[in-house]
1. With springs only between Cα atoms under 10 Å, which of 155, 65, 50 fluctuates most in a Gaussian network model of the chain?
2. How big is the antiparallel share of DSSP beta bridges in the chain, given as a percent to the nearest 5?
3. Which of these, 135, 108, 75, has the largest mean-square fluctuation under a Gaussian network model of the chain (Cα springs below 10 Å)?
4. Whole-Å semi-axes of region 87-165's equivalent ellipsoid, largest first, each the root of 5 times a Cα gyration tensor eigenvalue?
5. Any idea what the relative contact order of region 6-154 is, in percent, if you count C-alpha pairs under 8 Å spaced at least 6 apart?
6. With the convex hull built on the Cα atoms of region 6-154, state its orientation-averaged projected area in nm².
7. For the chain, with a Gaussian network of springs between Cα atoms less than 10 Å apart, report the residue from 60, 36, 18 with the top mean-square fluctuation.
8. Relative to the present Cα-Cα distance, how much length would full extension add between residue 118 and residue 53 at 0.36 nm per residue of separation?
C-alpha cells in the first residue's frame with residue numbers, strides 16, 4: 001500500500017486522472033491504495049458481498065451504483081468482510097451505512113453519502129467492466145490512490161522515485 005500523498009502524486013505525474021471532489025471518508029483508513037476491481041450495480045449489494053468474500057490481496061473494490069442516494073450498499077458487516085479478506089478499500093459511487101462501525105474498521109471507504117436503508121438482494125450487476133463517474137474512467141487493474149485530499153487513478157502503479165516530468 002502506498003503512503004504517498006495524492007497531492008505529491010499529482011505534482012509528479014500531471015497526466016494522472018483526478019476525481020471530482022465528491023467523496024466523503026467513512027472507513028478507519030483515510031489513506032489507501034491498490035489495484036482496482038470493478039463492479040456495476042443498481043441498489044443491489046449482492047455482488048459487493050460476493051466480491052468482499054474473496055481474497056482482496058490489497059486491492060480496492062470500486063463500485064458504480066450510478067450515484068444512487070436511495071439505499072446503502074456497504075455497511076459494517078461488509079466492511080468487516082473486506083478487512084478479513086485483505087481488501088485495502090472500497091470506493092462506492094453510492095451510499096454506505098453503519099458509519100460508526102465503518103470508522104472503526106482498518107479499511108479505506110469513500111462514498112457519496114450515508115443512508116440508513118439497506119439495499120435489495122437480487123444478485124444483479126456486472127463484474128469487471130470499465131466504469132465512468134466523477135470525471136474518471138476506471139478499468140479493472142488500474143491503480144487507485146486515495147487520501148484526505150482526494151482520489152487518483154492511474155493505469156500503472158505510481159512511485160515517486162520514478163517521476164515522469
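Since every read-out is calculated from the coordinates, none of them should be taken as a lab result. None of these values were measured; they are calculated from a predicted model.
1. 50
2. Working: 18 of 39 bridges.
Counting only bridges with both partners in the chain, antiparallel ones make up about 45 percent.
3. 135
4. Working: eigenvalues 140, 61, 24 Å².
Working from the Cα gyration tensor, I get semi-axes of 26, 18, 11 Å.
5. Numbers: 402 pairs, mean separation 54.4, N = 149.
Relative contact order here is 36 percent.
6. Numbers: hull surface 29.5 nm².
Mean projected area of the Cα convex hull: 7.4 nm².
7. 18
8. Numbers: separation 65, 0.36 × 65 = 23.40 nm, distance 1.85 nm.
Extending this stretch completely gives an extra 21.6 nm.
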